Amino acid sequence: MTPERQRELLELIEIRPWYCGIELALIGHAVAAAVWLTVFLISWRDLKWNPGKASSVYLLGICFLLYVMYQIRRLVLIPLGTQRREQRAAQGFRSAVMATETVTVEKIEAEVVSVSHDEGTIYLFATGPKQCFWFEPTKQPSKDWPNSSFEIVRLPAWRDDLGPFCRGKKLQPRASLEFREVFGENFDGETIPEDGVIESSLDEFLAMARFRV
């Protein structure tokens, strides 16, 4: 693997701070907790003169503790746990890249048809007279996707395809289809080869898929 390729792959690692995206929620709940605590302390001080309100003050204190515990779990502990899992995955990916000497690169230059479904979009590329390529990005691609020329990298020690790395110009799909319209409700994804290469032209594959529906 060339140093340039290695650097390009390592740049895929992106770990956001645990608080990213919830800054306003953290500030808002911190202010609410401060106000609640102030009210509780004032009420606690007033027990000297109004001991009959003790039950209300205790209830206020219990509610405050439950509120703080819930928000700490939701806004701090859960995001920190997610970040730790991301860090472990990133370390595994970094180790896989650093330990790899050779990589498999699929370079695609072709027209494309997009097929949308509930969880994302599948791209079918016409890669030859009797061949097409099935690809579904695992992450949000760049703004230049789909592209007239791109590469997908496969590492022996990593389960997911890496990329796409776009080299050409943004490509307008020849057609944008709905998954149910093409494949129906009972499509078996296991019938697609693991490497995504389908030994059939794009038009033939789509026609056969519609025929099976």
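The values are calculated or read from the model by the stated rules, or taken from the named source; none is laboratory data. Everything quoted here is computed from the prediction, not taken from an experiment. Cβ atoms come from the backbone with ideal geometry, glycine included; neighbour counts cover every protein chain shown.
Some values worked out for this structure:
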quantity: Answer from Pro141, Pro129, Pro156 - the residue that is in contact with a Pro (Cβ under 7 Å, 6 or more places away or on another chain) and not assigned by TED's automatic domain parsing to the domain that holds Glu14; calculated: Pro141
quantity: From the options Arg7, Arg16, Arg85, Arg73, residue that is over 24 Å from Lys139 (Cα atoms) and loosely packed, with under 13 Cβ neighbours inside 10 Å; calculated: Arg73
quantity: Residue within region 7-15 that is aliphatic (A, V, I, L, M) and either more than 20 Å from the chain's Cα centre (by Cα) or modelled with pLDDT of 90 or more (or both) present; calculated: no
quantity: The one condition in (1) under 30 Å from Arg7 (Cβ atoms); (2) modelled with pLDDT under 85 that Glu185 fails to fulfil; calculated: (1)
quantity: Output for region 1-35, where each listed residue is hydrophobic (A, V, I, L, M, F, W, C) and assigned to a loop (DSSP other than H, G, I, E, B); calculated: Met1, Leu12, Ile13, Ile15, Trp18, Cys20, Ile22
quantity: Matching option when the condition is more than 37 Å from the chain's Cα centre (by Cα) and more than 30 Å from Pro156 (Cα to Cα), among Leu41, Leu24, Leu65; calculated: Leu41
quantity: Residue ranges of strands (runs of 3 or more DSSP E) in region 117-213 with at least 2 members crowded, with 17+ Cβ neighbours inside 10 Å and either in contact (Cβ under 8 Å) with a residue 12 or more places away in the chain or polar (S, T, N, Q) (or both); calculated: 120-128, 131-135, 150-154, 162-166
